[in-house]
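Engineer: This structure is in structure tokens; I'll ask about it shortly.
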């Protein structure tokens, strides 16, 4: 990695949310001190060794971003792998959220240390790729093996310049959740609406009801990270955050989608910005919600606990149907010694076995990323018994990645959801909020665009 | 009625009225204190009571202020999801050892700034004050690179070492030592005491509330520190409690708030106990020099 490339990585990766201050400081410190190592092999973070029971094996350190209950599901698979074979020992090291893990990875690389495998979000992996820090997976698998194994749509998201840099693992997509019980009581059809216009027609019946003395709202918009769900709305209204790197969030459909939500909140008073919309859905404060497949299991639990029936469906459409993907995948760093990369690939191959991929999907709620996993009896049974899970799998075929500007420009997602917060909470017009964010995004494109285009 | 006769009659009336006013004032004061206590203790009550609720109760609307039946399994869920015993031990080691060393260093520095004549003392102290203005995050990367080169990543040494120089503690103790009567230390010198003896036998006993205050502030800072332990440790067995809480909340799925709040109680309670036992020292330390 060159010094310039490293600075590109350090800047964008570090300045996010909780460690915003840290990010700014680190970016500056990295520039000023210029003392980090940017070339040469890296050691495993903090030394460590293979436990006696697995002595003699190659140790692979996996940095994970999965807490309870997803973390234990990964650990179960790791334990199964460690029990099964003789050459490799995998150790999972949990590193916090996607942001925290990525920030740590940058710092560790500067300190000539790095994990052998790292979970990186759909947004974060680009920063490492642009910084020339990632190693392509292709040479660790037989020709065509990756294409035969993974869902082609999800696999393609990690492919750039003919190489696979990022493998799908914990992928999700927004789903439409609705309260069947409230729909039934409202006298509207008990099914997902075909379109937002249809849902709007139903809304006056649905929102006439009260639960626990509180009037039921139609929708809640997620305060933090809501830009992910809003991406679908921008597309559905015929707009986009960007076309390539050409910023379009302040034009047409994206603005119309923002105005639609503003109208629902401030004129019709049937929607609001929610800190934890999944909880509000569980408590019947809202009748419908667009959120990740990952929330399915828990919303279902709350529905059962609170005595109402949950339904799921494809997202409603406006001018057209559109839905995006999200979540995390696996990357390996270029400076990790070859032997450990090969050992890491063995574990990845284990995760990609249909039975293991199916188990992962069942235990976590993430999409089955391996094509053959959907034929596994356990997953087939789940999809049969739980139509909601089947919805997510069926909708997967209709997904597409988020717009480039959100994925590749540092902090774009934060800027977009901050603009959305202004629309949802301060009644700022969508045109005004998005014009300001578009200006910031265009500055980002001017700064990072040449580097991005060089890598695409 | 004579004036002499009227006085005894008048006095009780005046006293009664004054005591009534006093009673009303006291009642008002107590009411205010209760209100402040409720406001201050409310979040703590909510934390502890919610740690004993089921998830539906936590999320329920209208809110359940009192848990209907105590859901102790939140604590066992938290304990199962992450090795909190180990995290607790690590936090204790880092906080206690780190505070002891940092406090000793701060005491020595403060003493030197007050009682030792050396060239450039004022300029050096200004530099020290300047260091307080530098955001801690700026030093994160250089600190990590230093620790990495020393081979201390993922170790207690790595967790403790960068926090050992306490500018804040030095500053606070220096300001306190400046208020001590010079005659006492002069007398000790005349008696033949060296600097270390003066520090530990004369200055320290007179500074106990301030030293305890600094120790508590430093220790709580270390107990709650999140970023440095996250950066410098990698394996689960070296994590501290604030990072342990992360193990309980997955970002993309629904949070098990019962377990998270139970974990938060485990983090907060030791600090509360510490404050409970040391509060009179803290008050004495912070109010020293306030009264004439």
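The values are calculated or read from the model by the stated rules, or taken from the named source; none is laboratory data. Owing to the predicted nature of the structure, the values given are computational and were not obtained by experimental measurement. Neighbour counts are summed over all protein chains in view; Cβ atoms, including those assigned to glycine, are modelled from backbone coordinates with ideal geometry.
Engineer: Only helices (runs of 4 or more DSSP H) wholly contained in segment A:340-434 count here; list those with 2 or more residues that are touching a strand residue (DSSP E or B) at 6+ places or on another chain (Cβ under 7 Å).
Structural biologist: Here the list reads A:354-364, A:387-396, A:404-408, A:412-426.
Engineer: Take the residues in segment A:218-253 that are in a strand (DSSP E or B) and either more than 14 Å from every other protein chain (Cβ to nearest Cβ) or surrounded by fewer than 23 Cβ atoms within 10 Å (Cβ to Cβ) (or both), then tell me which one is nearest to the chain's Cα centre (by Cα).
Structural biologist: That would be A:221.
Engineer: A further question follows. Quick check on residue B:107: is it more than 14 Å from chain A (Cβ to nearest Cβ), exposed (fewer than 15 other Cβ atoms within 10 Å of the Cβ) and touching a residue at least 24 places away in the same chain (Cβ under 8 Å)?
Structural biologist: no
Engineer: Let me ask another. Which pairs have Cβ atoms under 6 Å, sit 6 or more apart or on different chains, and link a residue in segment B:125-137 that is assigned to a helix (DSSP H, G or I) to one that is modelled with pLDDT of 90 or more?
Structural biologist: Pairs found: B:125/B:113.
Engineer: Then there's this: Go through segment A:310-349 and give me each residue that's under 23 Å from the mean Cα position of the chain (by Cα), over 30 Å from residue A:232 (Cα atoms) and surrounded by fewer than 19 Cβ atoms within 10 Å (Cβ to Cβ).
Structural biologist: Answer for segment A:310-349, where residues must be under 23 Å from the mean Cα position of the chain (by Cα), over 30 Å from residue A:232 (Cα atoms) and surrounded by fewer than 19 Cβ atoms within 10 Å (Cβ to Cβ): just A:349.
Engineer: Somewhere in segment A:307-323, is a residue within 14 Å of chain B (Cβ to nearest Cβ), farther than 30 Å from residue A:90 by Cβ and in contact with a strand residue (DSSP E or B) (Cβ under 8 Å, 6 or more places away or on another chain)?
Structural biologist: yes
Engineer: Inside segment A:73-93, can you point out the residues that are out of contact with any helix residue (DSSP H, G or I) (no Cβ under 6 Å at 6 or more places or on another chain) and within 13 Å of chain B (Cβ to nearest Cβ)?
Structural biologist: Once the filter is applied, which keeps residues that are out of contact with any helix residue (DSSP H, G or I) (no Cβ under 6 Å at 6 or more places or on another chain) and within 13 Å of chain B (Cβ to nearest Cβ), segment A:73-93 yields A:74, A:75, A:78, A:91, A:93.
Engineer: Among the residues of segment A:45-68, write down those that are part of a loop (DSSP other than H, G, I, E, B), surrounded by fewer than 23 Cβ atoms within 10 Å (Cβ to Cβ) and more than 7 Å from chain B (Cβ to nearest Cβ).
Structural biologist: Across segment A:45-68, the qualifying residues are A:49, A:50, A:51, A:55, A:56, A:57.
Engineer: Note down all Cβ pairs under 9 Å where the first residue falls in segment B:48-70 and is facing chain A (nearest Cβ under 9 Å), the second is modelled with pLDDT under 80 and part of a helix (DSSP H, G or I), and they're at least six residues apart or on different chains.
Structural biologist: B:55/A:298
Engineer: Going by what's in this entry, would residue B:105 be described as modelled with pLDDT under 95, assigned to a helix (DSSP H, G or I) and either closer than 17 Å to residue B:198 by Cα or in contact with a strand residue (DSSP E or B) (Cβ under 8 Å, 6 or more places away or on another chain) (or both)?
Structural biologist: Against the criterion (modelled with pLDDT under 95, assigned to a helix (DSSP H, G or I) and either closer than 17 Å to residue B:198 by Cα or in contact with a strand residue (DSSP E or B) (Cβ under 8 Å, 6 or more places away or on another chain) (or both)), residue B:105 qualifies.
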